[in-house]
Every structure is written in C-alpha cells, then in structure tokens.
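One structure below.
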Ligand code: ASP
C-alpha cells in the first residue's frame, strides 16, 4: 500500500477561530490554537481514517501566533518558506492552513519564491469555523489531504502551489477570493480549474505544470515599497507626479480599463513618463476580472506601452502584486521577467 508523509502548517484563519467570549456568538471571531482545530477533526487522529486506513503520516506545525490572514505580511511568507525549506526533503506534500482573506496573495507569493518546486503545496481554509455544525472546514481539509498525498489516492502528483477550496482545485497564482459568504470562495477567472473534487476526484492533467528536474531552492525576499493604483474616470494624474518623487517607491501596479487602457491626456502621460524616468517599474493589469492587457489594441493603451509600461497580460491582482514584490525583492531583471510567464501565472498570446 502506498503511504505518504504530510506536513500541515497552521497559520490561522476562520477555519480555526472561536468566539472571543466563549458561548457568546455575537462576540468577534479570533484564532484559536491547533488543538482546537485538531479536536474537531477526528479523521486527523492517529486512529483516524487517513493514518489508520491510508497510512498517511502527519506532522503538525503552527505559527507561534496564529492570525487572521488580514494581518499577513512578507515576514509571515518568510516563516512559511522557512518551514517548507527546512522540511522539503522529508515530506511528500505540504498543507498550509490559512485565512481566506489573503490566501490568494500568499499562494501567489509562495509560487514565485519556491524555485523548482517538485511537490504539492496546498493552501486551504474555510468560510465557517470548524466548530460550526455546517462548517466547510472538514471537507476542505480532507480534500487538501487527498491532493497533497496524491500517490496514496492514485492521483497525479501536482508539483505546484494550489488552493483547494469547496471542491475546486485551483492554481494558486491564478486564484482570487471571489466571495466572503459563499462556500465557493475562490475562482480562477482566466485559467481553467486544475481539478474538481466531487464524489470522485478529477484532475485535468493537461493544465498542470511539469515536475522540474533541477534542485529545489527558496528565494524568500519581497519588496514592500510598491503601490497599486486603480484608475477611474476623473482620476487626478497629479497624484502620480507626486508619487514619482517618493525615493523609496520602487514599483506601481496600474489597474487600467478594459484591455489595458488609460486616459490619453498629456498630463496623465507625462505623469507616467515621469514615474518611468525616476526609475519606477510600472505594471499594467486590467480592472476586468477576465481582462487581458493588450496595449496595442487601442491608442489609449498604446500611450502606456510607448512610455515603457509592462503588460501584466491576464494576471490577477494578487499574482501581479506578489510577482512585482518578489522580483524587486530579489533584484531580478524586473522589466524582462515581470511580463513573462514564470509559474503559469499568465497567458501568452
Ligand atoms: N478574516 C479571515 C481570515 O482571512 C477570513 C477567513 O479565514 O475566511 O483570516
């Protein structure tokens, strides 16, 4: 019988939350320790289904301070990356239990920082805490275990950072949180789902990345001096000119209209040019959920292209943000790599 060793890292999130005042359902939810979560899922115990029936060996680790994922920053990504790096050789797969609010950002960040990843790293969480009688936590966690211990369940090993949530398996850096109330909390607007976990589990092999042969390593640095600007009719370009003088600022993500379009007024284009002249990297992504930036389609987009703005193609906001932070943090060839497909995060025409 095939067996597997899985490492589960608990970082926090609704899945393991309880009410601040026990018994008072009107008090806010706050993260609880790992024991709280484990107690509510007997299938994880030593004589539970996964270990007794399937031979899966679990190791549990937890952040010292488990958090609501709205508190996440690159130090938390570094903590996850350190755990993965130290334990990489000893395990067949990894599960990161994470709040849903910033799960897609963390999944994107990990996808870039984990170089030549050869094993599944599966993020999951839930919309209702595990103690709730209608919780989605148990099925989400159980599904994540099936994907992380793929060989035990006769499934293909997916060597990617994934989000497994509400019976869907998504590429992490293609995912976005689409609902704060539906059990179906995540979508992959511009890339097919990698699998579905209904009564039977279907993996869409043709979409999964090849398993690399080169050695695994981690590049964990992220630059935080970037900004995201969403354009709107009436946007004041002077704000961009003022930003150009911020010496710390390294990069700007411009959320443009439609297929990457922006106002063509002289004052707007001059502001973009000034940012470029001051050495800021500018990445163009669309405000459309299923947008694809093509700065050659319209004159209003072409102006940006001529200034040297880089096309983010169909990247999600989360992937674009993590990618820019990571490339700037590791002093990679930013302008060349930002618009290239590094980990399946964008489509090329
Ligand atoms: N605020 C929570 C978090 O992201 C929401 C959740 O987990 O669903 O940690």
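Enter the angle in degrees (range 0 to 90, nearest 10) between the Cα long axis of helix 317-329 and the first principal axis of the Cα atoms of the chain, meaning the one along which they spread out most.
With both axes taken from Cα atoms, the answer is about 80 degrees.
Could you work out which residue, out of 187, 238, 290, moves most in a Gaussian network model of the chain, that is, has the largest mean-square fluctuation with Cα springs under 10 Å?
Answer for the Gaussian network model of the chain: 238.
On a full-extension model of 0.36 nm per residue, what is the gain between residue 290 and residue 138, subtracting their alpha-carbon distance, rounded to one decimal in nm?
Here the answer is 51.6 nm.
Taking Cα atoms, how many degrees apart are the long axis of helix 74-87 and the longest axis of the chain, rounded to 10 and kept between 0 and 90?
Computed tilt is about 50 degrees.
Compute the FRET efficiency between residue 264 and residue 224 as 1/(1 + (r/R0)^6), taking r as their Cβ-Cβ distance and R0 = 30 Å, and round to the nearest 0.05.
0.40
Nearest 10 degrees, 0 to 90: what angle lies between the long axis of helix 103-113 and the longest principal axis of the chain (Cα atoms)?
It is inclined by approximately 80 degrees.
Residue 61 to residue 214: FRET efficiency via 1/(1 + (r/R0)^6), r the Cβ-Cβ distance, R0 25 Å, to the nearest 0.05?
The value I calculate is 0.40.
Compare 139, 200, 259 in a GNM of the chain, Cα atoms joined below 10 Å, and give the one with the largest fluctuation.
Taking springs between Cα atoms under 10 Å, the residue moving most is 200.
What is the stretch 124-175 by shape, rounded, prolate or oblate, if you read a ≥ b ≥ c off the alpha carbon gyration tensor as root eigenvalues and call it rounded for a/c under 1.5, prolate for a/b larger than b/c, and oblate otherwise?
Oblate.
Enumerate the residues in the stretch 50-72 having an amide nitrogen under 19 Å from the point lying 7 Å beyond the Cα of residue 27 toward its Cβ.
Only 66-68 pass the distance filter.
Can you give me the Cα centroid spacing of the stretch 48-84 and the stretch 230-282 in angstrom?
39 Å
Going by the alpha-carbon gyration tensor, a ≥ b ≥ c the square roots of its eigenvalues, is the stretch 246-316 rounded (a/c under 1.5) or, if a/c is not under 1.5, prolate (a/b greater than b/c) versus oblate?
Details: a/c = 2.18, a/b = 1.34, b/c = 1.62.
In terms of gyration-tensor shape, oblate.
Can you tell me, using C-alpha contacts under 8 Å and at least 6 residues apart, the relative contact order of the stretch 1-88 as a whole percent?
That works out to 38 percent.
Mind sorting 36, 268, 165 by how few other Cβ atoms lie within 10 Å of their own Cβ, fewest first? List each step's numbers first, then the result.
Details: 36 17, 268 21, 165 29.
Listed from fewest to most nearby Cβ atoms, that is 36, 268, 165.
For a test of the definition: using alpha carbon positions, the gyration tensor, and the 1.5 limit on a/c, classify the stretch 271-349 as rounded, prolate or oblate.
oblate
What distance in nm lies between label points placed 7 Å from Cα along the C-beta direction at residue 238 and residue 205?
Roughly 6.2 nm, to one decimal.
Taking only the alpha-carbon positions of the chain and ignoring solvent, what does the Debye formula give for the base-10 log of I(q)/I(0) at q = 0.07, 0.13, 0.14, 0.16 Å⁻¹?
Results for the chain at q = 0.07, 0.13, 0.14, 0.16 Å⁻¹ read -0.31, -0.98, -1.10, -1.33.
What nm distance separates the two modelled labels at residue 154 and residue 51, each placed 7 Å from Cα along Cα→Cβ?
For residue 154 paired with residue 51, the spin-label model returns 2.6 nm.
Using DSSP, restrict attention to beta bridges with both residues in the chain and report what percent are antiparallel, rounded to the nearest 5.
On the way: 17 of 50 bridges.
The antiparallel proportion sits near 35 percent.
No value in this document is a laboratory result; all are computed from the given coordinates. All figures in this text were calculated on a predicted structure; none of them were measured in a lab. Cβ coordinates were reconstructed from backbone atoms using ideal geometry, including for glycine residues, and neighbour counts include every protein chain displayed.
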